[in-house]
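For reference, the structure discussed in these notes is given below.
The values are calculated or read from the model by the stated rules, or taken from the named source; none is laboratory data. All of these numbers come straight from a predicted model, not from anything done at the bench. With ideal geometry, Cβ positions are generated from the backbone for all residues, glycine too; neighbour counts draw on all protein chains shown. SASA here: full protein model, heavy atoms, side chains in, ligands and nucleic acids out. Shrake-Rupley method; radii C 1.70, N 1.55, O 1.52, S 1.80 Å.
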Amino acid sequence: MKNSTLEFYDNLAENYQLIARDWDSAVSSQGQVLHALIGKHFSNASQIKLLDCSCGIGTQAIGLALSGYQVHATDLSPKAVAQARQQADRLKAKLTFGVADFRTLDRDVEGKFDVVISCDNSLPHILSDDEVKISLENILDKLNPGGLFLASIRDYDELLKTKPSGMVPRRIQDEIGERIYTQAWTWAEGKNEYEVELFLMLKSDLGWNTHSYKTQYRALRRSELSKFMSESGFTNIAWIMPEASGYYQPVVIGTKT
């Protein structure tokens, strides 16, 4: 994971919710879908201690806290965590926060959890095999025996077939204002890695103001992530695709024996 990841999320934090057409609805809907997936393993949300180790501005963490989970939410970006605190206060969600790195969760986060999640394509920011495994070992360390890990990533098995150059621009107009959101992707030569430049254009009385943010990802195939999880000690590894889960990205789950 390069320093650009921290800079990317620190710089984006204030405007992150503007990417969504209705961020509050995303908080609610994603929380409900994840609650249903977790509910297949644990029945009583109010008794479940859950760590969101890549919380961003709180999209999933807040949704799950509102569903009754005991949530501790952490992220690499202090500014994203600060924004998540503000959003949680606004939505009257009760959860705790901290700043932590995937690779040092054993030192950065106290205690053990029944569930650890990492959504929104966060793990693919880690570019090297060794650091992916270190991160997964740290996540495993945070789980109680019998605990569940759940993560979501982009469908790289499909994306690697064409290596698209970005995403179709999305124009949004709501009570917040008018804006256009898009991404440009530049693939590295000879590697399954790509740079994303995210563009957010905000309309004001004086015209359009453009903000851009850059970061890097690794196009991590499902078989690769499953292998890394198995080597790190996870068992019962399974993938749930969007058509089965209702979540917007493929979801992988694994347990700690």
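Numerical summary
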{"read-out": "Condition met for Ser46 (surrounded by fewer than 19 Cβ atoms within 10 Å (Cβ to Cβ) and hydroxyl-bearing (Ser, Thr, Tyr))", "value": "yes"}
{"read-out": "Residue under evaluation Thr257, criteria (1) part of a loop (DSSP other than H, G, I, E, B); (2) open to solvent by less than 20 Å² (accessible area, probe 1.4 Å), criterion not met", "value": "(2)"}
{"read-out": "Some residue of region 74-88 being part of a strand (DSSP E or B), of a type in the set (Asp, Glu), open to solvent by less than 30 Å² (accessible area, probe 1.4 Å) and at pLDDT 95 or above", "value": "yes"}
{"read-out": "Residues that are outside any strand (DSSP E or B), under 23 Å from Asn11 (Cβ atoms) and at pLDDT 95 or above, drawn from region 168-197", "value": "Pro169, Ala188"}
{"read-out": "Pair list, Cβ under 6 Å, 6 or more apart: region 64-80 residue over 14 Å from Ile139 (Cα atoms) and in contact (Cβ under 8 Å) with a residue 12 or more places away in the chain, other residue of a type in the set (Val, Ile, Thr) and open to solvent by less than 40 Å² (accessible area, probe 1.4 Å)", "value": "Leu64/Val71; Ala65/Val71; Tyr69/Ile48; Ala80/Ile57"}
{"read-out": "Members of region 225-257 found to be within 19 Å of His41 (Cα to Cα) and among the aromatic types (Phe, Trp, Tyr), listed by number", "value": "Phe234, Trp239, Tyr247"}
{"read-out": "Of the criteria (1) surrounded by fewer than 17 Cβ atoms within 10 Å (Cβ to Cβ); (2) part of a strand (DSSP E or B), which one Leu200 fails", "value": "(1)"}
{"read-out": "Positions within region 49-73 being in a loop (DSSP other than H, G, I, E, B) and either crowded, with 19+ Cβ neighbours inside 10 Å or of a type in the set (Lys, Arg) (or both), in sequence order", "value": "Cys53, Ser54, Cys55, Gly56, Ile57, Gly58, Ser67, Tyr69"}
{"read-out": "Odd one out for Met229 among (1) surrounded by fewer than 17 Cβ atoms within 10 Å (Cβ to Cβ); (2) outside any strand (DSSP E or B); (3) out of contact with any Lys or Arg (no Cβ under 7 Å at 6 or more places or on another chain)", "value": "(1)"}
{"read-out": "Per-region count, region 108-126, residues at negative phi, out of contact with any Asp or Glu (no Cβ under 9 Å at 6 or more places or on another chain) and among the charged types (D, E, K, R)", "value": "2"}
